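Visitor: Before we start, here is the structure in question, set down as structure tokens.
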Amino acid sequence: LKPRDATSLYGQDKEPTLQQPQTDFYRILGEKMASQYITVDLFLFARNYLDLATLDDLPRMTGGCIYYYPSFSVEQHIEKLYYELHRNMTRETAFDCVIRVRTSAGIDVDEYIGHFIQKGPDIQIPTIDSDKAFLVTLKHDDSLDERSWAYVQCALLYSTKAGQRRIRVHTLSLPTTKLLSNVFKFSDLESVLKYISVKGSLAWLSTKPTAAIEKTINFCVSIFAAYKKHCVTGNSNSGQLVLPEALKLLPLYVLSLIKSRLMVPLPVKYLPSFSHFSQSDLRTFMHDFLMTQPLHVIAPFLYGRLFAIHNLRERVKFSSYRRIGEPTRYN
């Protein structure tokens, strides 16, 4: 691979070109490996630019992921490396996977997003484990009877590590409603955040940085504009921010997303002088992370957990293993 990390493009409209692969070699190799049921996880110990945008085709086509250690230091990263490598080798894993999502009448699958190869209505992944996730969006294409239920079913055909062929089926039944207020009332914050994060990340790869940020903000604004227009009753100040209870933290997480290293257009002059990692590689890693991680990981990744450590002396309790109890968590 040729070095192409042009720092002069950082924060410019052409910066997303650095996120495009410079050759299709790794994509073709990934397709061949996927056809042989091989998943590739990359452990990258970086001191300089690696061109992750090109290398990412391997885990993307095979259902893998990237473990990225910028400015690698044994003293700083040894525990993180041990945990991630141990988890990678010991977690529950299914092999030779075929997944299909089916729905009842009135709704249909719109698209699949994630690290896999799609063939018709099925997605094929060499392996899938308990730390991976993919995104499925549904579209409402016909009328629904409010007296009936809507059904979504995900079927996974896979092999165990012992070679047994099995099928695992998850079926979700959902009540239908004509009231938009009920849709907001029972919305799932983590699912909405996952969708916005993935869509914003994909927009970054295909458009100008400012346009990707604006698209992400507008998506969030449109949700609350619809809520205020259709669900808020009575006299309310037009400038008042009215949020549904289930999504009241969504603006906080979206703000964290657009201020993260994934999306913020940071010119090179603002990077630390001692920084040895590539901003381009870091953006690719964050894109890969958001694409593959399950719902419960995304929120704390964007907005870190806040713990009270000022009263540890009063709360410390030692177990038989001499471990300290977890301090109070505020978010």
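Visitor: Quick test for you: out of Glu92, Glu75, Glu79, Glu84, pick the one residue that is open to solvent by less than 70 Å² (accessible area, probe 1.4 Å) and closer than 29 Å to Asp56 by Cβ.
Guide: Matching residue, one of Glu92, Glu75, Glu79, Glu84: Glu84.
Visitor: I've got another one for you. Hey, any hits in region 80-89 for a residue that's of a type in the set (Asp, Glu), in contact (Cβ under 8 Å) with a residue 12 or more places away in the chain, out of contact with any Lys or Arg (no Cβ under 6 Å at 6 or more places or on another chain) and not in a strand (DSSP E or B)?
Guide: Yes; the residues of region 80-89 include at least one that is of a type in the set (Asp, Glu), in contact (Cβ under 8 Å) with a residue 12 or more places away in the chain, out of contact with any Lys or Arg (no Cβ under 6 Å at 6 or more places or on another chain) and not in a strand (DSSP E or B).
Visitor: Looking only at region 168-178, which residues are surrounded by fewer than 15 Cβ atoms within 10 Å (Cβ to Cβ) and within 28 Å of Ala225 (Cα to Cα)?
Guide: Leu174, Pro175, Thr177, Lys178
Visitor: A follow-up question, please. Mind counting the residues in region 172-210 that are of a type in the set (Gly, Ala, Ser) and more than 20 Å from Phe301 (Cα to Cα)?
Guide: Looking only at that region, the number is 4.
Visitor: Moving to a separate point now. Where in region 214-331 are the helices (runs of 4 or more DSSP H), entirely inside, with at least 3 residues that are modelled with pLDDT under 90?
Guide: Ranges flagged: 279-292, 312-315.
Visitor: Might you let me know whether region 179-186 holds any residue that is among the hydroxyl-bearing types (Ser, Thr, Tyr), in a loop (DSSP other than H, G, I, E, B) and open to solvent by 30 Å² or more (accessible area, probe 1.4 Å)?
Guide: Checking region 179-186: not a single residue is among the hydroxyl-bearing types (Ser, Thr, Tyr), in a loop (DSSP other than H, G, I, E, B) and open to solvent by 30 Å² or more (accessible area, probe 1.4 Å).
Visitor: Return yes when Leu58 is assigned to a helix (DSSP H, G or I) and touching a strand residue (DSSP E or B) at 6+ places or on another chain (Cβ under 8 Å) and no when it is not.
Guide: yes
Visitor: From (1) assigned to a helix (DSSP H, G or I); (2) under 24 Å from the mean Cα position of the chain (by Cα), pick out the condition that doesn't hold for Glu75.
Guide: (2)
Visitor: Could you figure out which of (1) part of a helix (DSSP H, G or I); (2) open to solvent by less than 50 Å² (accessible area, probe 1.4 Å) isn't true of Glu190?
Guide: Condition not satisfied by Glu190: (2).
A quick yes/no check of all residues on (1) outside any loop (DSSP other than H, G, I, E, B); (2) open to solvent by 90 Å² or more (accessible area, probe 1.4 Å); (3) acidic (Asp, Glu); (4) more than 30 Å from Leu252 (Cα to Cα):
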| residue | (1), (2), (3), (4) |
| --- | --- |
| Lys132 | no, no, no, no |
| Leu138 | yes, no, no, no |
| Asp145 | no, no, yes, yes |
| Gln153 | yes, no, no, yes |
| Arg166 | yes, yes, no, yes |
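Visitor: Kindly provide the set of residues from region 1-51 that are surrounded by fewer than 17 Cβ atoms within 10 Å (Cβ to Cβ) and aromatic (Phe, Trp, Tyr), ordered by number.
Guide: Listed by number, the residues that qualify are Phe25, Tyr37, Phe43, Phe45.
The values are calculated or read from the model by the stated rules, or taken from the named source; none is laboratory data. What you are looking at is a predicted structure, and each value in this text was computed from that prediction instead of being measured. Ideal geometry is used to build each Cβ from the backbone, glycine not excepted, and the neighbour counts take in all protein chains shown. To get the accessible areas, we keep the full protein, side chains included, count just its heavy atoms, and leave off ligands, DNA and RNA. Shrake-Rupley method; radii C 1.70, N 1.55, O 1.52, S 1.80 Å.
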